[in-house]
1. Got a sec? How would 94, 64 order by Cβ neighbour count within 10 Å, fewest to most?
2. Take the cross-link list 5/197; 21/107; 26/104 and give me the ones stretching past 20 Å between alpha-carbons.
3. All other residues with a Cβ under 9 Å from the Cβ of residue 128 taken together, and with Lys, Arg as +1 and Asp, Glu as -1, what is their net charge?
4. For 40, 114, 211, what ranking results if the residue with the fewest other Cβ atoms within 10 Å of its Cβ goes first?
5. Residue 91: net charge of surrounding residues, Cβ under 9 Å, Lys/Arg +1, Asp/Glu -1, itself excluded?
6. Under the 0.36 nm per residue contour assumption, what length would be gained going from the current alpha-carbon distance of residue 28 and residue 2 to full extension?
7. Over the Cα atoms of the stretch 1-80, Rg to Rh with Kirkwood Rh, two decimal places?
8. Test of the criteria: in the stretch 1-70, which chymotrypsin sites (Phe, Trp or Tyr not before Pro) are in a DSSP loop and have at most 13 other Cβ atoms within 10 angstrom of their Cβ?
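Computed from the coordinates by the stated procedures, all read-outs in this text should not be read as laboratory data. These numbers come from a predicted model, not from an experiment. Counting neighbours? That spans all protein chains shown, and the Cβs are built from the backbone with ideal geometry, glycine included.
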Amino acid sequence: MIDSKTLIDSINSGCKSMFLKPFLLKKYPSHPNILTYRLEGNSNAINRFEYLSNELVKVLHWFSDFWIFIEIRFISNEIVEKRKKVSQTNISISVSVFQGDDEKDMKYQLFRAEWDDFNNPEELHSQPHWHITSNQAIERTLLEYAVDFEKSDFVSMLEQEKEKVFDVNKIHFAMNGNWQNDQTNIHEIGDERKIVKWFRGMLKHIRTELE
């Protein structure tokens, strides 16, 4: 079983050398049954997430005009197993990359990496996985332009075009499916060392691609 403090301390220690600014996941107030840690950032951005809608968060400067936001949640609940109530902790990891100027709150959220472990063997979404969100940023820019200039026809046209194109943000793009070994697309979160290696490898890969 993953120990929350051990995991957070390991990530903080393992990732701090990859940033010029102080990298520190800290406790964040949340639901009584949810222990939440967030990366302590130094600039504002809008995090667009399913269960939070539009939330102003603090993002950490990474390099160039790229920023990062990390949230890790430990969700405590009880399940019935062999007619007995058993306590379990589910883990949800979210890493978002933004682009934009320091002084602007409306940085573009480019994509998000997630790894959820809800102890569900029937899970349909690949774990871990990617979400592509940059298309939403472009759409918002166009809508804001249309509103500012009262171009109602343009807004209507944009809405019609949206209906023709599938919203890729809804897709959980597999990051590390194990199909080549005849296994599933689900990787459990069960080893602190492997999670730190995943963080470091993923961040190195993202930076290489962005550069």
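1. Values: 94 19, 64 10.
Neighbour counts put them in this order, fewest first: 64, 94.
2. On the way: 5/197 17 Å; 21/107 18 Å; 26/104 24 Å.
Check vs 20 Å cut-off fails for 26/104.
3. Values: positive: none; negative: 114, 116.
Local net charge: -2.
4. Working: 40 15, 114 20, 211 8.
Neighbour counts put them in this order, fewest first: 211, 40, 114.
5. Working: positive: 73; negative: 116, 117.
Net local charge, residue 91 excluded: -1.
6. Working: separation 26, 0.36 × 26 = 9.36 nm, distance 1.91 nm.
Value of the extension gain: 7.4 nm.
7. Working: Rg = 14.0 Å, Rh = 13.9 Å.
Dividing the radius of gyration by the Kirkwood radius yields 1.01.
8. On the way: sites: 19, 23, 37, 49, 51, 62, 63, 66, 67, 69; in loops: 19, 23, 51.
For chymotrypsin sites (Phe, Trp or Tyr not before Pro) across the stretch 1-70 that sit outside H, G, I, E and B with at most 13 neighbouring Cβ atoms in 10 Å, the list reads 51.
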